[in-house]
1. Evaluate the following for Trp52: is it among the aromatic types (Phe, Trp, Tyr), open to solvent by 90 Å² or more (accessible area, probe 1.4 Å) and at pLDDT 95 or above?
2. I'm trying to understand the selection: among the residues of segment 63-75, which are touching a residue at least 12 places away in the same chain (Cβ under 8 Å) and in a loop (DSSP other than H, G, I, E, B)?
3. Could you tell me which numbered condition Asn60 fails, if it satisfies all but one of (1) part of a helix (DSSP H, G or I); (2) under 11 Å from the mean Cα position of the chain (by Cα)?
4. Any residue in segment 1-26 that's touching a residue at least 40 places away in the same chain (Cβ under 8 Å): show its pairings with residues that are among the aromatic types (Phe, Trp, Tyr) and loosely packed, with under 11 Cβ neighbours inside 10 Å at Cβ separation under 7 Å, as long as the two are six or more apart or on different chains.
5. Just for segment 1-49: of the residues that are assigned to a loop (DSSP other than H, G, I, E, B) and among the hydroxyl-bearing types (Ser, Thr, Tyr), which one is surrounded by the most Cβ atoms within 10 Å (Cβ to Cβ)?
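The values are calculated or read from the model by the stated rules, or taken from the named source; none is laboratory data. This is a predicted model, so every value here is computed, not measured. Cβ sites come from the backbone with ideal geometry, for glycine too, and all protein chains shown count toward neighbours. Calculation scope for accessible area: heavy atoms of the full protein, side chains included, ligands and nucleic acids excluded. Shrake-Rupley method; radii C 1.70, N 1.55, O 1.52, S 1.80 Å.
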Amino acid sequence: MASLNKVILIGRLGKDPEVTTFENGNKKVSVTMATSERYRDRDSNWVEQTDWHNIVVWGNLANDIADGRRNYAKGDLMYVEGK
């Protein structure tokens, strides 16, 4: 049986990206993302549920973010696809 390991998130950043540079020059970018769902409960009241996700980026994308070629800040909308 084949399996599928894929995630797609669209949400807002909870903080500015944090860049970590290692001795060998590799970079890691960490950021938190909030995704929200809004629905009506049984009493017809609006309920908003927010989930928080820890996102870690490595490789070329991390280098682009760290070097300012891609600018992200707290509150920005971001699309993430990965496994």
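1. Details: among the aromatic types (Phe, Trp, Tyr): yes; open to solvent by 90 Å² or more (accessible area, probe 1.4 Å): yes; at pLDDT 95 or above: yes.
In short, yes.
2. First, pick out the residues of segment 63-75 that are touching a residue at least 12 places away in the same chain (Cβ under 8 Å): 63, 65-66, 72-75.
The answer is Tyr72, Ala73, Lys74, Gly75.
3. With respect to (1) part of a helix (DSSP H, G or I); (2) under 11 Å from the mean Cα position of the chain (by Cα), Asn60 is out only on (2).
4. Listed by first residue and then by second, the contacts come to Ile10/Tyr79; Gly14/Trp52.
5. In the first step, residues of segment 1-49 are kept if they are assigned to a loop (DSSP other than H, G, I, E, B); the result is 1-6, 14-17, 22-26, 41-45.
If we keep only those that are among the hydroxyl-bearing types (Ser, Thr, Tyr) too, we end up with 3, 44.
Details: Ser3: 4, Ser44: 6.
Per the criteria, the residue is Ser44.
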